[in-house]
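Presented below is the structure to which this report refers.
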Amino acid sequence: MKPLVIGVGNDFAGDDAAGRLVVRGLRGASGFDRAECHGAAADLVTLMEGRQRVLIVDACRSGATPGTLHRLDAGTGDLPPWLRSISSHGIGLAEGVALARTLGVLPPRVEVWAIEGEDFATGAGVSPAVADCIAAVCAAIPGHLAR
């Protein structure tokens, strides 16, 4: 089975759309599957179930400079607290990964690439720093997953 890239986010909340925009930017790339979701734990668990390798892309607020890319290995333990319940998803990405682990369906390889956002306001556009990071992530993922 091919690796899966999951883009998490809300298209109507500024930088929160980053994960979904990355997945859309990967259309036409080969060697992996793509999916989008709003980040509900049940959706994440369902998408990950049965996979061997998953790369999840989402926006975050850790306090770093907007446009910073955080690359995390979700298979080695708990994710940082700043990935918990911080977005419009209602539940954080970290809780979805923890639920998959508890249910025994967490893939052997799960990475999270979190893009530091700046503006998450309803109706806002994607900030320039996040747009630049989205483009860089779209360029990096095919080669990364090919390894």
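Given the C-alpha centroids of region 22-73 and region 90-147, what is the distance between them in whole angstrom?
4 Å
With a sphere of radius 13 Å drawn around the Cβ of residue 111, what net charge do the other residues whose Cβ falls strictly inside it have (Lys, Arg +1; Asp, Glu -1)? Intermediate results must be reported in sequence, preceding the final value.
Values: positive: 51, 53, 71, 109, 147; negative: 58, 73.
So the surrounding residues net to +3.
Restricting to Cα pairs below 8 Å that are 6+ residues apart, what does the relative contact order work out to for region 4-146? Please round to a whole percent.
Contact order relative to length: 35 percent.
Grab the other residues whose beta carbon is less than 13 angstrom from that of residue 43, score K and R as +1, D and E as -1, and report the net.
Values: positive: 20; negative: 36, 49, 58, 95.
So the environment of residue 43 carries a net charge of -3.
Can you list which of the chymotrypsin sites (Phe, Trp or Tyr not before Pro) found in region 8-104 are DSSP loop residues with at most 15 other C-beta atoms within 10 Å? Please list the in-between numbers first.
Working: sites: 12, 32, 82; in loops: 12, 32.
The qualifying sites are 12.
Hydropathy at least -1.0 by Kyte-Doolittle, axial extent at least 24 angstrom from the Cα trace: which helices of the chain, defined as entire DSSP H runs, fit?
Numbers: long enough: 128-146 (28 Å, 1.50).
Answer set is 128-146.
Read through the labelled values [x] 37, 31, 22; [y] 61, 29, 20; [z] 42, 36, 33 and report the label of the one computed as Cα extents along the principal axes in Å from the structure.
Comparing each candidate, only [x] matches the computed number.
Name the trypsin sites (Lys or Arg not before Pro) in region 31-124 that are in a loop by DSSP and that have at most 16 other C-beta atoms within 10 Å, would you? Could you put the intermediate results ahead of the total?
On the way: sites: 34, 51, 53, 61, 71, 84, 101, 109; in loops: 51, 61, 84.
Sparse-neighbourhood loop trypsin sites (Lys or Arg not before Pro): 84.
Could you tally the net charge around residue 52, taking each other residue with its Cβ under 10 Å from the Cβ of residue 52, Lys/Arg +1 and Asp/Glu -1? Intermediate values should be presented prior to the final figure.
On the way: positive: 2, 51, 53, 109; negative: none.
That works out to +4.
All of the numbers you see were taken from the coordinates with simple rules; none came from a lab. Bear in mind the structure is a predicted one, so any value in this text is a computation, not a measurement. Cβ sites come from the backbone with ideal geometry, for glycine too, and all protein chains shown count toward neighbours.
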